[in-house]
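Worksheet: one structure, shown below.
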Amino acid sequence: MRIIVISATSVLAKCCVENWANRANHEFVLVGRDHSRIQSTVSDLSIRFPMSTFVGEVLDFMAPAQIQDLLDSLFQKRVDLVLIAQGSGTSQIMASRDLGYLAAELQLNAVSVALFAQGCTQKALKANHGTIGVIGSVAGDRGRAYNYAYGSSKGLIEVFVEGLQQRVAGSGVSICLIKPGPTETPMTRGHKGRFADPKAVAKLISEGLAKKSRVIYAPRVWRLVMLVVRLIPFVIFKKLKF
Amino acid sequence: MTVSFGGYLSTPADEKFPNWAEEVPKFLSGGSILATGMSKSYGDIASNAAGTIVSSLGLNRMISFDAELGVLVCEPGVLLHDIQETFVERGWMLPVTPGTSWITVAGAIANDVHGKDHHLAGTFGEHVLNLTVARSDGSLHFCSPSKNPELFRATIGGLGLTGFIVQATISLKPAAGPFFDTETIPFESLEDFFKLSQETDSQGWQASVGWFDCSTRKAGRGSFTRGNQSLDQLDLTEKKTRKSVNLPITPPFSLVNRVSLDLFNSAYFELQKSGAGKRRMHYQEFYYPLDGVKNWNRIYGPRGFFQYQSVIPMKTAQSATSEMLKVIRKSGQGSFLAVLKTFADREPAGLLSFARHGVTLALDFPNRGESTLALMESLDRIVAEAGGALNPSKDARMSRSMFKAGFPELPRFLLQRDPAFASDFSRRVID
């Protein structure tokens, strides 16, 4: 397969790449924002998986024209799978005080993801082929005082992807919303609580993408948990502390 | 809170998890700093109470690999497990590995670890070609046997006290494949062990280790395993990924007690005896028998356990070892796993390297408080008198004088130490 990974330097995205490369040989394009980080990710994976190929691409995730150019060139060849994985663990405390920070976080976590998702969908529809996985979060299921700056950007992704899913229905393209629960990444290290092993989450993601699932919860238990959370009426929800 | 492998508890003030090498220097400013990896050290060398711990686990990338020479450049948090898995079928393996592969490259260097191949391959540090060390003053130092050799030799086996290793270059050794031809030989007495060990070394076996029973009346009996890389490795279908068993929780008390120990050691001996002879083993089984049981250390319960590893010069080894066994037997605190190995006569790679010419004995004791400490103190006296040393990587209780006596290059080492780096061990034993 030819697989494009947006924000391949993130821990979860890298675990997905390792999961795919472990099972078969693929052609990977690893896209990131920082040249040296993409380079070191490409070197590491090339050493670990010599039977797959890895190419790095670097661009500004916020620049629509650059994104369009990159996708124009990448989709000249057949693309089988795209994973869109950028995201930053927004600090609610900082976001509440600093509007500049809030704006930058929303740009990366919501706008940039939407731009890539839209761009890839157009290209895939033209080829009538391909699976696109977009990483959202269980945090997008409800607005909570604790993390709404982060959660709302994930909520945008959810509605955006649903729109795309309706758009591609009946075509050869499938779009999948991935909703991980708290996963152990640099973002969560040092925080209290239970975090899922990113390798296990990556395994669920790759299984879900292979089945072309519409929504992947990882770990699976979150599907049930969030169903319950969504059903709580606001009069009660507002009193909850979680 | 951090928990060491032996159950030693410590509470650092802060933990940092850099994900990229360029982030490391900003975490090294300020007070008391210690780099950590998988925290498999038994005692307190990887703990830093009230200080800052900077984890290397996010820095786990391989940077380059020279497939002609088998030279790997990598970040400090790459696991030995990953190196073995990545390269064994390409014809390369680690030249030296300890009994677990779930440790980082930097941890292996900082403890200058040894394994079953000391006779031919020495310690891990002997295969380090160069290092880049970040210091608390913001500087980066490239060091090798020819460039900054003192810092190089201080960092190998330096217990993490000379700075943060941000990059390491290590050489692998050619390997025909993942399988070993092994031979297990039961022995009935210590004299037999020493005879076997000598014979094995002179026959040029690649790796060897002895397990023995020091709990029962039949103390001294044991089994000796030696192995060579198989020349015929054709049948790779034999390879199977081992299912590991997990000890999911810590039982409320130690499962290792007089009764279970006696049963275990007798059963193990009989098992080894019945399985004696020649057998082909996958390297995972040969090098890492305990990696098959995840969290096996929990068997000792919440109080944890001590490991006591000594090395005694050849001349006095046999008499001192049998005296230690006598003391242990008298105490009634038998050891679950007693491991005997010989170290060859090689120049140590680091200033504080533990491995040196002699016989090393590693014992596990469940922590029973005062009586266990007293037992280890009486063992100390035998080791000190015989001119031996204790392994800091396994230690949680040795005295300052014991450390000083065992590591005569300490003053030279201290000249290279980073003043901001410290550990519970360094405060207890060195500072």
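Taken as Cα centroids, region A:214-242 and region B:366-406 sit 55 Å apart, rounded to the nearest whole angstrom. Taking amide H as placed 1.01 Å from N in the peptide plane, the amide H of B:ILE33 sits under 5 Å from that of B:THR52, B:PHE421, B:ALA422, each at least 5 places away or on another chain.
Report, in deg cm²/dmol and to the nearest 500, the calculated mean residue ellipticity at 222 nm for the protein assembly as shown, where each DSSP H run with n ≥ 4 adds -39500 (n - 2.57) and the sum is divided by the residue count.
Only helices count here, giving -10000 deg cm²/dmol.
Under 5 Å from the amide H of A:CYS176 lie the amide H atoms of A:ILE132, A:GLY133, A:VAL134, each residue being 5 or more positions distant or on a separate chain, with H modelled from the backbone and absent for Pro and chain starts.
When each of the peptides A:109-116, A:204-211 is scored by how many other beta carbons lie within 10 Å of its residues on average, the order from highest to lowest is A:109-116, A:204-211. Counting only the backbone N, which residues of region A:96-137 are under 18 Å from the spot 7 Å out from the Cα of A:ARG214 toward its beta-carbon? Correct set: A:131-137.
The alpha carbon centroids of region B:34-83 and region B:98-163 are separated by 11 Å.
Give the average, rounded to an integer, of partner chain Cβ atoms located within 10 angstrom of each Cβ in B:60-67.
Partner-chain Cβ atoms within 10 Å, mean over residues of B:60-67: 4.
Taking 0.36 nm per residue of sequence separation and removing the Cα-Cα distance, the B:GLU191/B:GLU150 pair yields an extension gain of 10.7 nm. Rounded to the nearest 10 degrees, the inclination of helix A:221-231 to the longest alpha-carbon principal axis of chain A is 40 degrees.
If the chain linking B:ALA405 and B:LEU129 were pulled fully straight, counting 0.36 nm for each residue of separation and taking away their Cα-Cα distance, it would gain 96.4 nm.
Going by the alpha-carbon gyration tensor, a ≥ b ≥ c the square roots of its eigenvalues, is region B:179-399 rounded (a/c under 1.5) or, if a/c is not under 1.5, prolate (a/b greater than b/c) versus oblate?
Taking the square roots of the gyration eigenvalues as a ≥ b ≥ c, region B:179-399 is oblate.
Using the Cα gyration tensor of region A:2-237, with a ≥ b ≥ c the square roots of its eigenvalues, what is the shape: rounded (a/c below 1.5), prolate (a/b larger than b/c) or oblate (neither)? Rounded is the answer for region A:2-237, as its axis ratio a/c remains below 1.5.
Rolling a 1.4 Å probe over the heavy atoms of the protein chains gives the protein assembly as shown an accessible area of 43 Å² per residue. B:LYS404 sits among other residues whose Cβ lies under 14 Å from its own Cβ, and their net charge, with Lys and Arg +1 and Asp and Glu -1, is -1.
Take B:LYS294, A:LYS123 and sort them by solvent-accessible surface of the protein heavy atoms, 1.4 Å probe, largest at the top.
So, going from the largest accessible area down, we get B:LYS294, A:LYS123.
How large a share of the accessible area of region A:59-181, in percent, is made up of carbon and sulfur atoms when the probe is 1.4 Å and the other protein chains stay in place? Taking all protein chains in place, region A:59-181 shows 56 percent carbon and sulfur surface.
Chain B contacts chain A over a buried accessible area of about 1300 Å², both sides summed; the probe is 1.4 Å and only protein chains count. Peptides A:222-232, B:93-103, B:394-404 ranked from most to least packed give B:93-103, B:394-404, A:222-232, packing being the mean of other C-beta atoms within 10 angstrom over each peptide's residues.
Using the structure shown, list the pairs from A:LYS179/B:LYS16; B:LYS147/B:LYS294; B:LYS26/B:LYS294; B:LYS147/B:LYS173 with a Cα-Cα distance above 32 Å, or answer none. Over 32 Å Cα-Cα: B:LYS147/B:LYS294; B:LYS26/B:LYS294.
For chain A, the relative contact order works out to 18 percent when only alpha carbon pairs closer than 8 Å and six or more residues apart are counted. Taking a Cβ cut-off of under 12 Å around A:LEU231, the surrounding Lys, Arg, Asp and Glu residues balance to a net charge of +1, with basic ones at +1 and acidic ones at -1.
Remark: mean inter-chain Cβ contacts per residue of B:68-80 equal 1, using a 10 Å Cβ-Cβ cutoff to other protein chain atoms.
Listed values for region B:27-44 are Karplus-derived 3J(HN,Hα) couplings in whole Hz (6.51 cos²θ - 1.76 cosθ + 1.60, θ = phi - 60°), namely 8, 9, 8, x, x, 9, 10, 8, 7, 9, x, 8, 6, 9, 5, 6, x, 10, and x replaces Gly and Pro.
The values are calculated or read from the model by the stated rules, or taken from the named source; none is laboratory data. Treat the numbers as computed from the prediction; the structure is a model and nothing was measured. Cβ sites come from the backbone with ideal geometry, for glycine too, and all protein chains shown count toward neighbours. The accessibility values were calculated without ligands, DNA or RNA, using every heavy atom of the protein model including side chains. Shrake-Rupley method; radii C 1.70, N 1.55, O 1.52, S 1.80 Å.
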